[in-house]
1. Among the residues of region 68-75, is any surrounded by fewer than 23 Cβ atoms within 10 Å (Cβ to Cβ), touching a helix residue (DSSP H, G or I) at 6+ places or on another chain (Cβ under 6 Å) and either of a type outside the set (Ser, Thr, Tyr) or farther than 17 Å from Thr234 by Cα (or both)?
2. What number of residues within region 38-48 satisfy the criterion of being under 14 Å from Ile6 (Cα atoms) and either part of a helix (DSSP H, G or I) or among the β-branched types (Val, Ile, Thr) (or both)?
3. Which residues, counting only those in region 204-215, are surrounded by 15 or more Cβ atoms within 10 Å (Cβ to Cβ) and of a type outside the set (Gly, Ala, Ser)?
4. If you scan region 126-155, which residues turn out to be among the aliphatic types (A, V, I, L, M) and part of a helix (DSSP H, G or I)?
5. Which pairs do you get when a residue that is farther than 16 Å from Leu45 by Cβ, found in region 64-82, comes within reach of a residue that is in a loop (DSSP other than H, G, I, E, B), reach meaning Cβ atoms under 7 angstrom, with the pair 6+ apart or on two chains?
6. Identify all residues within region 227-249 that are under 27 Å from Gly201 (Cβ atoms) and either charged (D, E, K, R) or touching a Pro at 6+ places or on another chain (Cβ under 8 Å) (or both); write none if there are none.
7. For region 149-166, give me the residue count where each residue is small (Gly, Ala, Ser) and over 21 Å from Ile5 (Cα atoms).
8. I need the full set of residues from region 108-136 which are under 16 Å from Lys183 (Cα atoms) and either in contact with a Gly (Cβ under 8 Å, 6 or more places away or on another chain) or buried (at least 21 other Cβ atoms within 10 Å of the Cβ) (or both), in order please.
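Every number here is computed from the coordinates shown, using simple stated rules; none is lab data. Since we're looking at a predicted model, the values are computed, not measured. Reconstructed Cβ throughout: ideal geometry from the backbone, glycine too, with neighbour counts over all protein chains shown.
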Amino acid sequence: MKKIIIANFKMNTTPSEMKGYSMTLATKTANTKNQIIVCPPFTHLSIAKQFLDGSKVTLGAQNVSDAEKGTYTGEISASMLKDLGVEYVIIGHSERRSRFKETDRMINRKIKTALSYGLKVILCIGEDLATRGAKQAGAFVRKQLDDALKGIYENELEGIIVAYEPIWAIGTGKSATVKDIEKMTALLRKEISSLYSEKAGENINIVYGGSIDLNNYKKIISLPCINGALIGGTSLDVDNFSLIARENY
């Protein structure tokens with residue numbers, strides 16, 4: 001089954017390293033049936049575009065401003081990304097929410113701005129350990145989803161991938177269990193069905209992220225309930241990421 005495999009470099013690697021990475025990834029995934037999206041830092045995008053052009057790999061960015069242009073020093077607009085050949089953008093990652101205080105309202109604005117410029121969105125949602133311990137994970141992620149999609153039309157869901165990334169699993173080396181993933185995915189599909197339609201709930205692309213590595217990727221990505229994976233640290237090694245990306249699920 002075709003899956004969506006996404007690499008999120010976060011703030012790692014240098015632009016000069018991106019050339020070799022891109023060339024190797026393009027070669028090693030030439031025959032894959034999966035959809036591959038690579039999201040390096042902003043500084044790498046032009047290089048990645050140059051060496052991934054014509055390959056099976058699609059380019060994504062890790063963030064975007066909610067403003068279209070203006071006096072926002074240090075920000076990157078949707079039109080800038082579009083002009084660079086970027087097709088996807090990660091919005092709402094837990095690190096942006098916690099470290100940079102991005103609110104659900106801001107995330108909603110970012111999604112609308114990205115979609116209006118023809119960018120597709122990888123929307124990250126997920127609960128922390130305290131919320132999970134209080135047995136409020138379901139209500140928490142439902143609210144995140146509801147707030148993020150406020151004012152988004154059903155036909156626009158085709159341009160959105162929902163990434164369930166439980167914060168307690170990111171970077172810990174301990175992934176969510178199969179049962180956890182199946183339960184949360186079912187909840188998210190049910191919520192989309194409630195907000196839009198049963199068809200929308202069935203068709204929405206949902207990927208899992210959180211401590212995916214060479215030891216657990218097959219078990220997780222092969223789950224029928226999810227459409228793929230958002231991979232962090234493991235994606236930094238091009239050989240490891242290529243192995244995951246070209247797997248026949």
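1. No, region 68-75 has no match at all.
2. So the count comes out to 1.
3. Listed by number, the residues that qualify are Ile204, Asn205, Ile206, Val207, Tyr208, Ile212, Asp213.
4. Of all residues in region 126-155, those among the aliphatic types (A, V, I, L, M) come to 129-130, 134, 137, 139, 141, 145, 148-149, 152.
Matches in region 126-155: Leu129, Ala130, Ala137, Ala139, Val141, Leu145, Ala148.
5. Qualifying pairs under 7 Å: Ala67/Glu75; Ala67/Ser77; Glu68/Ser77; Lys69/Ser77; Tyr72/Ser65.
6. Hit for region 227-249 is Glu247, nothing else.
7. So the first thing to find is which residues in region 149-166 are small (Gly, Ala, Ser), and the list is 151, 159, 163.
Then drop every residue that is not over 21 Å from Ile5 (Cα atoms), which leaves 151.
Residues meeting the conditions: 1.
8. Ile125, Gly126, Glu127, listed by residue number.
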